[in-house]
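The values are calculated or read from the model by the stated rules, or taken from the named source; none is laboratory data. Because the structure is predicted, anything quoted here is derived from the model rather than measured. Cβ sites come from the backbone with ideal geometry, for glycine too, and all protein chains shown count toward neighbours. Quick note on the areas: whole protein, heavy atoms, side chains included, nothing else; ligands and nucleic acids left out. Shrake-Rupley method; radii C 1.70, N 1.55, O 1.52, S 1.80 Å.
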Amino acid sequence: MLDETQTKPEVETLDAVAVNSARIRQPLYAARKKVFPKRASGNFRRFKWIVMAITLAIYYLTPWLRFDRGPYAHDQAVLIDLANRRFYFFFIEIWPQEFFFVAGLLVMAGIGLFLVTSVVGRAWCGYTCPQTVWVDLFLVVERWVEGDRNARMKLDAAPMSPHKLWLRTVKHSIWIVIAVATGGAWIFYFADAPTLLHEVMTGAAAPVAYITVAILTATTYAFGGLMREQVCTYMCPWPRIQAVMLDETSLTVTYNDWRGEPRGRHQKKAAATGVTAGDCVDCNACVAVCPMGIDIRDGQQLECISCALCIDACDGVMDKLGKERGLISYATLNDYNANMAIATAGGIQPITPSLVRTAEGKLSPALSCVKPATLLRPRTLLYAGLWALLGIGLLLTALVTRNRVEINVLRDRNPQYVLLSDGSIRNGYTVKLLNMRPEPRAFTLHMEGLAGASMTAAGLENDASGALIVPVEPDRLRTVKVFVRQPSTDATPGAVSFDLIAEDRGSDEQSTYRTSFETPEIPR
Amino acid sequence: MKQDHLDEISGVSTTGHEWDGIRELNNPMPRWWVYTYYATIVWALGYTVFYPAWPLVTSATQGVLGYSSRGEVKAELASVEAERSAHTAALANKSVSEILADDTLRQTAIQSGAAAFKVNCVQCHGSGAAGGAGYPNLNDDDWLWGGKPEQIEYTIAHGIRSAGDADTHQSEMPAFSDILDREQIASVAAFVVSLSGTPKNSGLVKKGRTVFAESCAACHGNDARGNQELGAPDLADAIWLKTHGEAGIVAQIKAPKHGMMPAWGARLGDTAVKELTVFVHSLGGGQVVRGSLFPPGEKREITRVARPA
């Protein structure tokens, strides 16, 4: 099998050492060693470009989407209107008391993260985390201005010169432009985007807008440009949390040492002396491309964000060597262990590459590879079920069937009741009617369960049945002081529960509030 | 002090201090930490220059910015005043009925009237304006001096039997112990109770009606419905200001007690009086200007709340 490689060109061996080594841990206060990730190319890199384009587009463009909600509401598709306490999301409008929808979404996001993590490991970290996306973006700029890994390392080591100063200035300027655009995009979620853009440009926007932009610009520049992998390693809690979500059947980026070891740069020499060698040629390509500055061959480690760029790098090398891809691959711990048992003949003796190879030099069919069936296991099914139950069962159903009129009643407590000159009893109520639709509506307010009682409110008309007619502006709350009066002939001493019902005159939507009518226990 | 001593295990130099063979490693603080510390010192020094800080014998340094917490409060109060000035001016220029007709102004007046009520009126009328024995309940529909907005305004401004206000409501019920004999008083009390309840001795009622017509109807009216011009209470309704029951009525006929309410106009000013008027009117007892609080033509009949069986 080694003969085959000898006819192939030797791959370039990179002088790359893991700066965040799992073998030799640096003291916590040691100065940061710079990471110069090399450009990777391959399937995962392409996938990451696509994810980056989609996520950035969502972030920057969402506030500019328009959505016609009629004359009484905003036209912005996604808007968090803090001043008026409304949240608009396309056809959905959420009032503060309906915030459980947002809480439900957050719970769904949590369960979704459990699901994804238990299936494909730290995919969030590797592909969609904003830190990953923006660091990637900043690295593109850096590579474009200063060149790839070797050029950047050379430039970094060189003394300051006009050329170096120029490159650095260009790089940091572009970074800051990106940072400003990032910080700037955030505020458009909280106000009408075109208006706010005009205000920001003319200096007329609220100070909070500028402060927000400034803070987010600073954090984007510092986190994406300067701190990079340190944010993941030292600041982010997710690596710790996600690590415990993995189990033996989760896919993780794995160096298959059952196949790669013993590694060696001089495979020809090794073959000549009759020593068996693994597939790893110790070219360090996987180390050079790692944005976290680790060596995946040291095994699973905290810093690994599962971005799979090392898989791309290694696959490229394997292609050159004419070997199967997948020396570094997404693998489950179960498969890894099974393969390792084959490579070591089930014992604790050193890895023997020939055990995993057929006579033709191909990998043995006995080896385990990822079985899609393992993705469907009780744990993932439970997560998926919970996720769907919450999302479709609760959120969607609740959203479709929710009431757009709401009544809240506060009974007067001081005084509890008023005795009127004809002996009847009157109670006062502060009634709040919420018209949650963006159109003006009129409600009828009537009572049920209080014998002989009548109701009045200053400035409102009673209809023929004695119910109050309450017009409410679109998307607003109206507070009405309602007096309910019961003749003494009908009164029962103590408290009587009854319902106040608000009913939309145009539709059959209604909302009921149960309150009580107080009458003195002892008549005067 | 030994210099350049290196710790064998860590390879770090020590400070040279030694206690019983224990040495202190010379591990400096992280630089950003030290710089932050210096920055706080600079900040603190600057702060004492810009803001009042150093104590002197009788005062303290004023700081170059001229800041003072009293000044800040003053500025805040001024800005609140400025914010309110539009409303205040509108309330000052409009009559109570105009305020009541304008929804926004009415709401504003109710808010500020409620605040003024909490400060000036709760001592007698209670925090819920429900009054007490001798202090009228402002929530109900029984008014001694009238419950129309203008009447409420007049009463608040000039008070009742308030010394020092020439326009105050003035009228007092005579003490009938010198005018009527015991039996007459007992009979008229029985008659008055019969208007809204059951007297203890119903035989006296007929006689009491005669006494009432002779001695009381002049102020309380032939039907005992009272007279708001004179502040004479309606004796035929369910509401009693000072007392109820025959014994109490007898005592009131013999030697009447008279309530006193201060004139608030001079003390609070016209605007505050208007705000209070609108607030009191909003409590539900006021006679409503626009539309009626109760359906018109309703039969007014007093009945008691049934006791539980």
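Tabulated results
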| quantity | calculated |
| --- | --- |
| Extreme residue, most open to solvent (accessible area, probe 1.4 Å), among residues of segment A:459-469 that are within 10 Å of chain B (Cβ to nearest Cβ) and of a type outside the set (D, E, K, R) | A:Asn462 |
| Residue match in segment A:401-411 (condition: closer than 30 Å to A:Pro471 by Cβ and open to solvent by 70 Å² or more (accessible area, probe 1.4 Å)) | yes |
| Matching residues in segment B:168-192 - criterion: being open to solvent by 20 Å² or more (accessible area, probe 1.4 Å), farther than 30 Å from B:Ile156 by Cβ and without any contact (Cβ under 8 Å) to a residue 60 or more places away in the chain | B:Asp178, B:Ile179, B:Asp181, B:Arg182, B:Glu183, B:Gln184 |
| Single unsatisfied condition, A:Thr456 versus (1) open to solvent by less than 40 Å² (accessible area, probe 1.4 Å); (2) closer than 20 Å to A:Thr492 by Cα; (3) within 12 Å of chain B (Cβ to nearest Cβ) | (2) |
| Single unsatisfied condition, B:Thr243 versus (1) farther than 23 Å from B:Val96 by Cβ; (2) free of Cβ contacts under 8 Å to residues at least 60 places away in the same chain | (2) |
| Matching option when the condition is in contact (Cβ under 8 Å) with a residue 24 or more places away in the chain and either outside any loop (DSSP other than H, G, I, E, B) or farther than 26 Å from A:Gln131 by Cα (or both), among A:Ala359, A:Ala345, A:Ala313 | A:Ala313 |
| Test: residue in segment A:412-429 that is away from chain B (no Cβ under 12 Å), open to solvent by 10 Å² or more (accessible area, probe 1.4 Å) and not basic (Lys, Arg) | no |
| Considering residues of segment B:172-192 that are among the charged types (D, E, K, R) and either touching a Cys at 6+ places or on another chain (Cβ under 7 Å) or outside any helix (DSSP H, G or I) (or both) only, the residue farthest from B:Val205 (Cα to Cα) | B:Glu172 |
| Filtered residue count, segment A:316-342, keeping only those that are closer than 18 Å to A:Ser41 by Cα, acidic (Asp, Glu) and touching a residue at least 12 places away in the same chain (Cβ under 8 Å) | 1 |
| Meets criteria (open to solvent by less than 20 Å² (accessible area, probe 1.4 Å) and of a type in the set (Phe, Trp, Tyr)) for A:Trp64 | no |
| Helices (runs of 4 or more DSSP H) contained in segment B:197-275 and holding at least 2 residues open to solvent by less than 30 Å² (accessible area, probe 1.4 Å) and within 24 Å of A:Gly423 (Cα to Cα) | B:205-211, B:217-220, B:246-254 |
| Selection within segment B:101-128 - out of contact with any Ser or Thr (no Cβ under 8 Å at 6 or more places or on another chain) and either outside any helix (DSSP H, G or I) or open to solvent by 70 Å² or more (accessible area, probe 1.4 Å) (or both) | B:Ala101, B:Asp102, B:Asp103, B:Thr104, B:Gln107, B:Gln111, B:Val119, B:Cys121, B:Gln123, B:Gly126, B:Ser127, B:Gly128 |
| Spans of strands (runs of 3 or more DSSP E) in segment A:64-152 with at least 3 residues in contact (Cβ under 8 Å) with a residue 40 or more places away in the chain and farther than 29 Å from A:Asn408 by Cβ | none |
| Candidate set from segment A:83-109 (those that are aliphatic (A, V, I, L, M) and open to solvent by 70 Å² or more (accessible area, probe 1.4 Å)); member that is farthest from the chain's Cα centre (by Cα) | A:Ala83 |
| Residues of segment B:112-134 classified as farther than 17 Å from B:Leu241 by Cβ and either touching a helix residue (DSSP H, G or I) at 6+ places or on another chain (Cβ under 8 Å) or more than 12 Å from chain A (Cβ to nearest Cβ) (or both), total | 10 |
| Within segment A:294-311, considering residues that are within 25 Å of the chain's Cα centre (by Cα) and within 21 Å of A:Met235 (Cα to Cα), the one surrounded by the most Cβ atoms within 10 Å (Cβ to Cβ) | A:Ile305 |
| Pair list, Cβ under 7 Å, 6 or more apart: segment A:419-445 residue in a strand (DSSP E or B), other residue among the polar types (S, T, N, Q) and open to solvent by 30 Å² or more (accessible area, probe 1.4 Å) | A:Thr430/A:Thr479; A:Lys432/A:Asn408; A:Lys432/A:Thr479 |
| Breaking point among (1) surrounded by fewer than 18 Cβ atoms within 10 Å (Cβ to Cβ); (2) farther than 30 Å from B:Gly146 by Cα; (3) under 51 Å from the mean Cα position of the chain (by Cα), for A:Phe443 | (1) |
| From B:Ala238, B:Ala190, B:Ala217, B:Ala232, residue being among the hydrophobic types (A, V, I, L, M, F, W, C) and within 14 Å of chain A (Cβ to nearest Cβ) | B:Ala238 |
| Matching residues, segment A:325-336, being closer than 16 Å to A:Gly260 by Cβ and in a helix (DSSP H, G or I) | A:Asp335, A:Tyr336 |
| Boolean, A:Asp504 is closer than 29 Å to A:Glu93 by Cα, open to solvent by less than 20 Å² (accessible area, probe 1.4 Å) and either of a type in the set (Asp, Glu) or free of Cβ contacts under 8 Å to residues at least 40 places away in the same chain (or both) | yes |
| The listed residue being part of a helix (DSSP H, G or I) and touching a Pro at 6+ places or on another chain (Cβ under 9 Å), out of B:Val73, B:Val42, B:Val49, B:Val34 | B:Val34 |
